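Heads up: the structure comes next, in structure tokens.
The values are calculated or read from the model by the stated rules, or taken from the named source; none is laboratory data. Everything quoted here is computed from the prediction, not taken from an experiment. Counting neighbours? That spans all protein chains shown, and the Cβs are built from the backbone with ideal geometry, glycine included.
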2 protein chains.
Amino acid sequence: MSLPQQKPQATDLEQCLSELRALLGDRLSTASDVRQLHGKDASFHEVHPPDAVAFVKSNEEVAEIVKSCVRHRIPIIPFGSGTSLEGHIAALHGGISLDLSRMSQVLEVNENDLDCRVQAGVTRKQLNEHLRSANLFFPIDPGADASIGGMTATRASGTNAVRYGTMRENVLGLTVINAEGRILKTGTRSRKSSAGYDLTRLLVGSEGTLGIITEIQLRLHGIPEAISAAVCSFETLAGAVNTVISVMQSGLPVARVELLDEVQMDALNQYSNLDYPKKPTLFFEFNGTQRWVEEQSQLVGELAGKNGGGSFRWATDEAEREKLWDARHDAYYAAMALKPGCKGWPTDVCVPISRLAECILETRADIDASNLTVPIVGHVGDGNFHLLFLIDPANEAEDLKQFQQLNDRLIERALKMGGTCTGEHGVGIGKIHYMRAEHGESVEMMRQIKQALDPMNLFNPGKLVPA
Amino acid sequence: MSLPQQKPQATDLEQCLSELRALLGDRLSTASDVRQLHGKDASFHEVHPPDAVAFVKSNEEVAEIVKSCVRHRIPIIPFGSGTSLEGHIAALHGGISLDLSRMSQVLEVNENDLDCRVQAGVTRKQLNEHLRSANLFFPIDPGADASIGGMTATRASGTNAVRYGTMRENVLGLTVINAEGRILKTGTRSRKSSAGYDLTRLLVGSEGTLGIITEIQLRLHGIPEAISAAVCSFETLAGAVNTVISVMQSGLPVARVELLDEVQMDALNQYSNLDYPKKPTLFFEFNGTQRWVEEQSQLVGELAGKNGGGSFRWATDEAEREKLWDARHDAYYAAMALKPGCKGWPTDVCVPISRLAECILETRADIDASNLTVPIVGHVGDGNFHLLFLIDPANEAEDLKQFQQLNDRLIERALKMGGTCTGEHGVGIGKIHYMRAEHGESVEMMRQIKQALDPMNLFNPGKLVPA
């Protein structure tokens, strides 16, 4: 079975656009700059502009748009904040970019149940601003200020996942518009359920290929009584990674544990005007009661010491901590600044923790043998790490070729170790050709599901499921 | 769209049985007692014996059986330990009961990664025996010594879910035999992934209707340095439930918090020869370092005191703790012993924690108004609680009618409060008629998935997806 790929006929497209114009008025745009902006994500992937951009405001509008697009066989590509990394929003076959950024209401916050419901266009920073007065927070933090809808669709995670889980663990339910233009609800507000297929988890990470996610019910967490962060440098990368392995095996619930290698630390010092040693470094955070945070810090400090770690440099007050984590979240921009004018190609893999040291060290050796400047950072508590390839526009073809080979070897290495080709960035178009290597014949099961729920292949065609 | 329901033709069945006999020899049984045993679970649901029982030993055998059954259009009902509660294993349309209990090998334990791979027939107690020497444990504990395959298929949880999650959070990957008789693998050993549809989570809780689960990769946990358990009686049910709500909102990671109402405590005292007060009671467990366990206990004790709780009765050494939790796990048998000779009908719902007190109190009032003896127990940290209906065989028709009405009202109440019709028992046949009330039109999406993955409706037909 192969999935059909649509290219809209001009007349079909015209009819569809005329229906959408009647529905949306000037919230339907065919302006070139708007289309360009919606055909490109935050990485190096080529622009594929949609034929038009629909700025929607309600579930009902999305449902009407889906019905019109299905009638005229026009592809629909949901768009949140445009910060995805694997070409997820490229309109490969033209069609409508469904921009959900104006669906940006926090619909409800249930303080007593630690949950909330948001529209898909709410961003993670907006949500956390909203929650602050209730002393609650939503922990999932990919680097960018992504939309909750996009984070759901790509199964995002970030620095807090080691303690609080990823979008997989933190989405309780969804509103989704299916291929018939019906408004469906999945999940409930209860913390667990055995009532039928887990449609919520099927849609989390489906990258807009099975339906349009318009509302998300999220788990929230209380802001801990005490929070403490620390930075610790190591003489060797192996020492840093082995510390992480020991911490994870100890069962201590560290809230964050991030690795930045010496290349990345150098970039960070330059970019953020900091003075950390240019050595492999771990950034830790501990959450809990005052006493429990102290005990965790002490126990982790002992484990770091055994692996050649230096003393902890603490950041206990909020301003200091914010500076530290802003620096961590700026890692991408700091690394980009290493080669001004370059395009960035971030990639990530995830492996079982016991293979993490080996995987990172082999990757570091592979990079060094290629004489390239490639920083490594990682959410290493999960076994997840990232490389950033810097593409020189003056040498683009050669760079792309070399990085593609490095990426192929990285993913082959991760899969051999029992890992995955992407821990948190998703598949899009950038990783679609690794799906069979990772999943084998299970890809066929994905295809059967895609075919069943989107028989005309109009929802974000060409992504996730290989042809 | 409606799912076809098969009744095997005699000649088709004969041909299939002859193929299976050639494959399995005396591991295919058509003996009446074996068939009876495989057509009935641990609850009151009627016996629906299969036409034959196949005792399988390998993935390859399961694949061959599926192919033969598909060729001859014979239903296949996977069977683990027979301890499910909603008629999951009833052979409604005859066919083959696929008994996986002889696939009982622990295939690998990765101590450093805190994971393992088991065959579907391994039971939870067998697994924990196996893990003890490595100082690891698998936390999910439904009352019965269920098979890991069955626990996966029903998305089981139990007393530890409040801290360690359910099968949803603890299954990393699966081997599954699909409707074409192919042996598929889902997931990897990495802790997180954004690589494609979450087939693992789709199959967890699918109750044998989408494929046959034969191997499970599980997350494990280190046995904590310190474990402490305590029992606390309350003057009122509201006081006990409100304590749980306060604890959950505090974010303290209690490992277990179980509610037993006064009816259940009376039953427990009689059955296990104990002397607890006949009052609403909470059973707590705290895990962590010595200091952290002490701090958690103290903080939870303060919250209980504010809600009218008595002093904590401690069980710190292992033998005492085991006695306490054995008593809790015996709650079902203890309640059954209240009316010797009765059949048990356990039911469960799950609601947002803020509605828990209201839901339990309304349910208690509803029971009391009916002049029935119905104990309430619950994994209340999750908002999950259970009733046990005791059916007198001498008055079966009347009892069934009355309990059905009580169950209908219970579920209506839970759904109205944003809950689910089953927190952990599953759908089977017992809750199938509540699926539309809970999921609305999303049931159609479940049906599309079922149709796509099992087009002839041979995998456990008549369960989970309403006709």
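Residue by residue, here is whether (1) surrounded by fewer than 20 Cβ atoms within 10 Å (Cβ to Cβ); (2) in the same structural domain as B:Ala255 (by TED's automatic domain parsing); (3) touching a Leu at 6+ places or on another chain (Cβ under 9 Å); (4) of a type outside the set (A, V, I, L, M) holds:
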position	(1), (2), (3), (4)
B:Ala365	yes, no, no, no
B:Ala369	yes, no, no, no
B:Phe385	no, no, yes, yes
B:Leu390	no, no, yes, no
B:Ala397	yes, no, no, no
B:Thr420	no, no, no, yes
B:Glu438	no, no, yes, yes
B:Met456	yes, no, no, no
B:Ala467	yes, no, yes, no
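Across the stretch B:150-165, the qualifying residues are those that are of a type in the set (S, T, N, Q) and over 20 Å from B:Tyr197 (Cβ atoms), and the one among them that is farthest from the chain's Cα centre (by Cα) is B:Asn160.
Scanning the stretch A:276-300 for residues that are free of Cβ contacts under 8 Å to residues at least 12 places away in the same chain and in contact with a helix residue (DSSP H, G or I) (Cβ under 7 Å, 6 or more places away or on another chain) yields A:Arg291, A:Glu295.
Note on the stretch B:431-449: among residues that are touching a helix residue (DSSP H, G or I) at 6+ places or on another chain (Cβ under 9 Å) and in contact (Cβ under 8 Å) with a residue 40 or more places away in the chain, the one that is farthest from B:Arg168 (Cα to Cα) is B:Gln448. Number of residues in the stretch A:423-463 that are over 17 Å from A:Pro75 (Cβ atoms) and of a type in the set (Phe, Trp, Tyr): the value is 1. Being among the small types (Gly, Ala, Ser) and part of a helix (DSSP H, G or I) is the filter; apply it to the stretch A:38-78 and report the residue that is surrounded by the fewest Cβ atoms within 10 Å (Cβ to Cβ). In this case the residue turns out to be A:Ala63. Taken over the stretch A:411-467, residues that are in contact with a strand residue (DSSP E or B) (Cβ under 9 Å, 6 or more places away or on another chain) and β-branched (Val, Ile, Thr) amount to 4. Among the residues of the stretch B:246-268, is there at least one that is surrounded by fewer than 18 Cβ atoms within 10 Å (Cβ to Cβ) and among the charged types (D, E, K, R)? For the stretch B:246-268, residues surrounded by fewer than 18 Cβ atoms within 10 Å (Cβ to Cβ) and among the charged types (D, E, K, R): absent. For B:Arg413, state whether it is more than 10 Å from chain A (Cβ to nearest Cβ), under 30 Å from A:Leu114 (Cα atoms), touching a helix residue (DSSP H, G or I) at 6+ places or on another chain (Cβ under 7 Å) and in contact (Cβ under 8 Å) with a residue 40 or more places away in the chain. Here the answer is yes, as B:Arg413 does meet what is asked.
Does A:Glu169 satisfy being acidic (Asp, Glu) and out of contact with any strand residue (DSSP E or B) (no Cβ under 9 Å at 6 or more places or on another chain)?
no
Against the conditions (1) touching an Asp or Glu at 6+ places or on another chain (Cβ under 7 Å); (2) away from chain B (no Cβ under 11 Å), A:Ile212 satisfies every one except (1). Under the condition of being among the polar types (S, T, N, Q) and over 16 Å from A:Leu415 (Cα atoms), the residues counted in the stretch A:432-448 number 1. Within the stretch A:323-345, does at least one residue satisfy the condition of being surrounded by fewer than 16 Cβ atoms within 10 Å (Cβ to Cβ), in a helix (DSSP H, G or I) and of a type in the set (Phe, Trp, Tyr)? The answer is yes; a qualifying residue exists.
Across the stretch B:260-312, the qualifying residues are those that are under 27 Å from the mean Cα position of the chain (by Cα) and of a type in the set (Val, Ile, Thr), and the one among them that is modelled with the highest pLDDT is B:Thr281. Within the stretch B:79-91, can one find any residue that is buried (at least 24 other Cβ atoms within 10 Å of the Cβ) and over 20 Å from the mean Cα position of the chain (by Cα)? No, the stretch B:79-91 has no match at all. Being in a loop (DSSP other than H, G, I, E, B) and buried (at least 24 other Cβ atoms within 10 Å of the Cβ) is a property that A:Gly121 has. Taking residues in the stretch A:98-116 that are not assigned by TED's automatic domain parsing to the domain that holds A:Ala153 and crowded, with 24+ Cβ neighbours inside 10 Å, and partners anywhere that are of a type in the set (Ser, Thr, Tyr) and modelled with pLDDT under 95, not one pair has Cβ atoms closer than 7 Å while being at least 6 places apart or on different chains.
Being buried (at least 24 other Cβ atoms within 10 Å of the Cβ), among the basic types (Lys, Arg), closer than 30 Å to A:Gln448 by Cβ and touching a Ser or Thr at 6+ places or on another chain (Cβ under 6 Å) holds for only one residue in A:Arg155, A:Arg201, and it is A:Arg155. Is the stretch B:225-240 home to any residue that is under 30 Å from B:Gly173 (Cβ atoms) and either surrounded by fewer than 24 Cβ atoms within 10 Å (Cβ to Cβ) or away from every other protein chain (no Cβ under 13 Å) (or both)? Checked the stretch B:225-240: at least one residue is under 30 Å from B:Gly173 (Cβ atoms) and either surrounded by fewer than 24 Cβ atoms within 10 Å (Cβ to Cβ) or away from every other protein chain (no Cβ under 13 Å) (or both).
Out of the residues in the stretch A:140-150 meeting the condition of being crowded, with 24+ Cβ neighbours inside 10 Å and either part of a loop (DSSP other than H, G, I, E, B) or without any contact (Cβ under 8 Å) to a residue 40 or more places away in the chain (or both), tell me which one is nearest to the other protein chains (Cβ to nearest Cβ). Across the stretch A:140-150, the extreme among qualifying residues is A:Ile140. Checked against the criterion of being touching a residue at least 60 places away in the same chain (Cβ under 8 Å), of a type in the set (S, T, N, Q) and touching a helix residue (DSSP H, G or I) at 6+ places or on another chain (Cβ under 6 Å), the candidates B:Ser233, B:Ser206, B:Ser228 yield just one match: B:Ser228.
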